[in-house]
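A short worksheet on the structure shown next.
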Amino acid sequence: MLRYLTSGESHGKCLVSIVDGIPAGLFIDKARIDAELSKRMLGYGRGKRMHMECDKVNILAGLRKSLTIGSPIALMIENRDHSIDSLPAVLEPRPGHADLAGVLKYGFKDARDVLERASARETASRVAVGSIARILLSEFGIKVLSHVTAIDGVLANTRGMSVKDISANSGKSPVNCADPKASKLMCREIDRAIEHGDTLGGMFEVIITGVPAGLGSYAQWDKRLDAILARAVMSIQAIKGVSLGLGFESAIRKGSLVQDEIFYDKKKGFYRNSNNAGGVEGGMSNGEHIIVRSAMKPIATLAKPLASVNIKTKKAVRASVQRSDICAVPAAGVVAEAVCAVEIANAMIDKFGGDSIREMRRNYDGYIKELKKI
């Protein structure tokens, strides 16, 4: 079982994570982790802190000569801005943030104690953990990418684009959008939001390619792969909706226009001409690309804050203004890539087992060979 824990506050000394369950013998290239951390910091509309931090991972334990040795891996990301003890109290909770609910839950008199951990800064740890999972997945030809499909009211048109085209086009966009026209309009909407002291949300899509059929299970509710992926993505700060494939659109189509018809070819084996299911049927991967779509709400911190109440005096005030982004949808997509990679890696380890990558590879190859006989 692949599992992990993260620790650390937004303005604490560092972010720390422990990853357990990675098989021995996997080569970990630190540069690949740092590259993913850099991707998380990019995107038109990010805040000033992204220019201040320069996230790099320090691997403290679990490797010898860059190879995993089967023991837990300890990762640390230092914060350049680590002024947590000198920061002022936050008494004006922000609507839409964890501020007030956290104060009520823990009995705090200062929302600073809530927002320091609730902050999306924590996701840097998850991207680092996800990077290790991605390295494992790459051993089996599995790739994970994301692209932005909407910001505010601007929708991208990627119909007819291959995964390769989506990857190439989105990589050239400041908002990670594969539709060049939509990308420009999205940037324009972000500029308008800056002018009006507002924030913007949007939607993104994670595409996972190369996943073999048979990950997950229909036998128990907590083994269903779609439920596992939905939970992981929903755990990301500000995510308010998750679906696979057509998702909510499938509810307003007739069955004949939703189900993916099955075909067979001696060379291909079983295949589909559509992927409305998003690569998962009955809680199991079916061999098609896994497609996870998500909706992110606008960030809670506004330059022109909304109405709130001072938690000490109980008087009406305007909400606290903290350093924040205007739009972080592209970054949320990168975080979603990471958490999806972790869950697919866990499903691979669960199915193919093995204490080493060599053993896991042997089990995987044998399974793929058997699949071709069906």
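Would you pick out the residues in segment 147-189 that are under 15 Å from Ala295 (Cβ atoms) and either surrounded by fewer than 23 Cβ atoms within 10 Å (Cβ to Cβ) or of a type outside the set (A, V, I, L, M) (or both)?
Answer for segment 147-189, where residues must be under 15 Å from Ala295 (Cβ atoms) and either surrounded by fewer than 23 Cβ atoms within 10 Å (Cβ to Cβ) or of a type outside the set (A, V, I, L, M) (or both): His147, Thr149, Ala150, Asp152, Gly153, Leu155.
Give just the number: which of (1) of a type in the set (A, V, I, L, M); (2) over 27 Å from Ala193 (Cα atoms); (3) out of contact with any Ser or Thr (no Cβ under 8 Å at 6 or more places or on another chain) does Ile77 not satisfy?
Looking at each condition in turn, Ile77 falls short on (3).
For residues in segment 25-46 being aliphatic (A, V, I, L, M) and assigned to a helix (DSSP H, G or I), which is surrounded by the fewest Cβ atoms within 10 Å (Cβ to Cβ)?
Of the residues in segment 25-46, the ones aliphatic (A, V, I, L, M) are 26, 28, 31, 33, 35, 37, 41-42.
Adding the requirement that they be assigned to a helix (DSSP H, G or I) leaves 31, 33, 35, 37.
Values: Ala31: 8, Ile33: 24, Ala35: 11, Leu37: 22.
Step by step, filter segment 25-46, then rank; the result is Ala31.
Any residue at all in segment 60-75 that is in a loop (DSSP other than H, G, I, E, B), more than 21 Å from Ser7 (Cβ to Cβ) and hydrophobic (A, V, I, L, M, F, W, C)? Steps first, answer last, please.
At the first step, the residues of segment 60-75 found to be in a loop (DSSP other than H, G, I, E, B) are 62, 65-66, 69-72.
When the remaining residues are screened for being more than 21 Å from Ser7 (Cβ to Cβ), the result is 65-66, 69-70.
Keeping just the survivors that are hydrophobic (A, V, I, L, M, F, W, C) gives 69.
Taking every residue of segment 60-75 in turn, at least one turns out to be in a loop (DSSP other than H, G, I, E, B), more than 21 Å from Ser7 (Cβ to Cβ) and hydrophobic (A, V, I, L, M, F, W, C).
Give the residue that is nearest to Arg126 (Cα to Cα), with candidates limited to residues of segment 4-22 that are surrounded by fewer than 20 Cβ atoms within 10 Å (Cβ to Cβ) and in contact with a Lys or Arg (Cβ under 7 Å, 6 or more places away or on another chain).
Looking only at segment 4-22, we keep the residues that are surrounded by fewer than 20 Cβ atoms within 10 Å (Cβ to Cβ), and these are 5-7, 12-14, 16, 18, 20-21.
If we keep only those that are in contact with a Lys or Arg (Cβ under 7 Å, 6 or more places away or on another chain) as well, we get 6, 20-21.
Numbers: Thr6: 7, Asp20: 13, Gly21: 16 Å.
Among those that are surrounded by fewer than 20 Cβ atoms within 10 Å (Cβ to Cβ) and in contact with a Lys or Arg (Cβ under 7 Å, 6 or more places away or on another chain), it is Thr6.
Quick check: anything in segment 332-352 within 27 Å of Val90 (Cβ to Cβ) and within 14 Å of the chain's Cα centre (by Cα)? Before the answer, list the steps.
Narrowing segment 332-352 to residues within 27 Å of Val90 (Cβ to Cβ): 332, 335.
Retained after the next criterion (residues that are within 14 Å of the chain's Cα centre (by Cα)): 332, 335.
Within segment 332-352, one or more residues are within 27 Å of Val90 (Cβ to Cβ) and within 14 Å of the chain's Cα centre (by Cα).
Look through segment 145-169, keep the residues that are touching a residue at least 24 places away in the same chain (Cβ under 8 Å) and not hydrophobic (A, V, I, L, M, F, W, C), and return whichever of them is farthest from Gly45 (Cα to Cα).
We begin by selecting, within segment 145-169, every residue touching a residue at least 24 places away in the same chain (Cβ under 8 Å); these are 145-157, 163, 166.
Next, from what is left, pick out any that are not hydrophobic (A, V, I, L, M, F, W, C): 146-147, 149, 152-153, 157.
Working: Ser146: 18, His147: 16, Thr149: 16, Asp152: 13, Gly153: 16, Asn157: 21 Å.
Filtering first and then ranking leaves Asn157.
Sort out which residues of segment 114-162 are acidic (Asp, Glu), in contact with a helix residue (DSSP H, G or I) (Cβ under 7 Å, 6 or more places away or on another chain) and more than 23 Å from Asn363 (Cα to Cα), and write them in order of number.
Of the residues in segment 114-162, the ones acidic (Asp, Glu) are 116, 122, 139, 152.
If we keep only those that are in contact with a helix residue (DSSP H, G or I) (Cβ under 7 Å, 6 or more places away or on another chain) as well, we get 116, 139, 152.
Result: Glu116, Asp152.
Would you mind listing the strands (runs of 3 or more DSSP E) fully within segment 262-337 where at least 3 residues are among the β-branched types (Val, Ile, Thr)?
Numbers: elements: 262-265, 269-272, 290-296, 307-309, 316-318.
Fully inside segment 262-337 and qualifying: 290-296.
So that you can scan it fast, the table gives a plain yes or no per residue for (1) small (Gly, Ala, Ser); (2) over 27 Å from Asn157 (Cα atoms); (3) at pLDDT below 95; (4) in a loop (DSSP other than H, G, I, E, B):
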{"position": "Cys187", "(1), (2), (3), (4)": "no, no, no, no"}
{"position": "Arg192", "(1), (2), (3), (4)": "no, no, no, no"}
{"position": "Ala219", "(1), (2), (3), (4)": "yes, yes, no, yes"}
{"position": "Asp222", "(1), (2), (3), (4)": "no, yes, no, no"}
{"position": "Ala232", "(1), (2), (3), (4)": "yes, no, no, no"}
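Being in a strand (DSSP E or B) and either in contact with a Cys (Cβ under 7 Å, 6 or more places away or on another chain) or in contact (Cβ under 8 Å) with a residue 40 or more places away in the chain (or both) narrows it down to one residue among Val206, Val211; which is it?
On the way: Val211 fails: in a strand (DSSP E or B).
Just a single option satisfies the conditions, and that option is Val206.
Check whether at least one residue in segment 290-313 is without any contact (Cβ under 8 Å) to a residue 60 or more places away in the chain and either in contact with a His (Cβ under 6 Å, 6 or more places away or on another chain) or charged (D, E, K, R) (or both), and report yes or no.
no
Looking at Asp85, Asp81, Asp99, which one is surrounded by fewer than 19 Cβ atoms within 10 Å (Cβ to Cβ), in contact (Cβ under 8 Å) with a residue 60 or more places away in the chain and not small (Gly, Ala, Ser)?
Values: Asp85 fails: in contact (Cβ under 8 Å) with a residue 60 or more places away in the chain; Asp99 fails: surrounded by fewer than 19 Cβ atoms within 10 Å (Cβ to Cβ).
After applying the criteria, what remains is Asp81.
The values are calculated or read from the model by the stated rules, or taken from the named source; none is laboratory data. Computed from a prediction, not measured in an experiment: that's the story for all the values here. Please note: Cβ atoms are built from the backbone with ideal geometry, for glycine as well, and neighbour counts cover all protein chains shown.
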